[in-house]
Amino acid sequence: MFPGLNPKDLEKAMKKLGIKQETIEATEVIIKTPTKDLIIRNPQVAKVNAMGQETLQITGNIEEFSGITEDDIKTVMDQTKVSKEQAKKTLEKNKGDLAKTILELTE
């Protein structure tokens, strides 16, 4: 965490400040947002409790996944005659809902 600092000294300092850290074994972490998922592969997860406030620190290889496939985009394009960019943008706005997207673009 801090270069050149002895890990045991750091642990003692954190304890004096009322900070507890616990490592959580995880193989994958997924954070879901309204428009996409963030998938963290090979994560290193630490649960930190500082004066009763719990937080998670996550590091790893981050991948974004919108859940929208090329087939979904093509279907919307075929049904609505819009550009690929417009089809993808509207699909993302509608969280991948094909029917809602097609209806919105044909109104």
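Considering segment 25-54, and only residues there that are surrounded by 10 or more Cβ atoms within 10 Å (Cβ to Cβ), polar (S, T, N, Q) and in contact with a strand residue (DSSP E or B) (Cβ under 9 Å, 6 or more places away or on another chain), the residue that is nearest to LEU91 (Cα to Cα) turns out to be ASN42. Applying the condition of being basic (Lys, Arg) and loosely packed, with under 15 Cβ neighbours inside 10 Å to segment 55-94 and asking which residue is nearest to ILE31 (Cα to Cα) yields LYS93.
Each value in this text was obtained by applying a stated rule to the coordinates, not by laboratory testing. Keep in mind it's a predicted model, so treat the numbers as computed, not measured. All Cβ positions, even for glycine, are placed from backbone atoms using ideal geometry, and neighbour counts span all protein chains on display.
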